[in-house]
There are 2 protein chains.
Amino acid sequence: MTRFGLIGMIRAHPGKGDALAEVLLDAADRMRDSVQGCESYVIARAPDDPDAIWVTEVWESREAHAASLTLDSVKAAIERGRPLIAGFSERVETIPVGGLGLG
Amino acid sequence: MTRFGLIGMIRAHPGKGDALAEVLLDAADRMRDSVQGCESYVIARAPDDPDAIWVTEVWESREAHAASLTLDSVKAAIERGRPLIAGFSERVETIPVGGLGLG
């Protein structure tokens, strides 16, 4: 099975970086408990920009990622995050092949 | 302790992407066994460019990352990788705050 990865930067509206990071950390907790196929989901802040949040994701397959987006818990997190988000300034798809810290 | 993260893309010389990915996967195995403070180290290929390798790293601290670069096993991996590398086309430092798949 070919893994599916995403590297992206989400920009919060000014002053909303902390709130958006909280929503994403909560979403990661839900994935740990109830979402199949997520091998890594790391939330990181940008050292010089409090409104920029980096998210790196590793999924077992492209299908596992797509399936997660149909779950009520994930849809609810997206709805909570949406009003905080100004835009997405980077988004790269990758094919993770291994390493340390995969589920 | 503030974590330290890196998101970067390493470009191999033409046709050397597979060889560089192997060196990086081997380096990740060594980190699992003998390098302190590495929480995640994921190697990923670019879907449309066989010579582009994405590496995402999470370390317990900036100091843990710096210390790893002084280890003989890491220095040996860098020496093996160096002749395969054409350049580094992206490099972002981050402050990982949590998520799924951290050690």
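A few points about this structure:
- Evaluated at q = 0.10, 0.13, 0.16 Å⁻¹, a Debye calculation over the C-alpha positions of the protein assembly as shown (equal weights, vacuum) places log10 I(q)/I(0) at -0.41, -0.70, -1.06.
- Percent of Cα pairs in chain B per distance bin of 10 Å, from zero to the largest separation: 15, 48, 32, 5, 0.
- Adding -39500 (n - 2.57) for every DSSP H run of four residues or longer, then dividing by how many residues chain A holds, sets the calculated 222 nm ellipticity at -10500 deg cm²/dmol.
- Along principal axes, Cα extents of the range A:44-103, largest first, whole Å: 31, 30, 18
- About the Cα centre, charge dipole magnitude for chain B (Lys/Arg +1, Asp/Glu -1 at Cβ), debye: 160 debye
- Backbone HN-Hα couplings from phi across the range B:57-67 [Karplus 6.51/-1.76/1.60, Hz, Gly and Pro as x]: 10, 10, 10, 4, 7, 4, 5, 5, 5, 4, 5
- For A:Gly98, the residues 5 or more places off, or on other chains, whose built amide H falls under 5 Å of its own are B:Ile43.
- For A:Leu71, the distances from its label point to the matching points in the remaining copies are 3.3 nm, ordered from shortest, with each point set 7 Å beyond Cα toward Cβ.
- Placing a label point 7 Å from Cα along the Cα-to-Cβ axis, A:Asp29 is separated from the same position in the other copies by 3.8 nm, shortest listed first.
- Annotation for B:Phe88, label-to-label distances across the other copies: 2.7 nm (shortest first, one decimal, point 7 Å from Cα along Cα→Cβ).
Rule-based calculations on the coordinates, nothing more; no lab input. Quick caveat: nothing in here was measured; it's all calculated off a predicted structure. Note: ideal-geometry Cβ built from the backbone for every residue, glycine included; neighbour counts use all protein chains shown.
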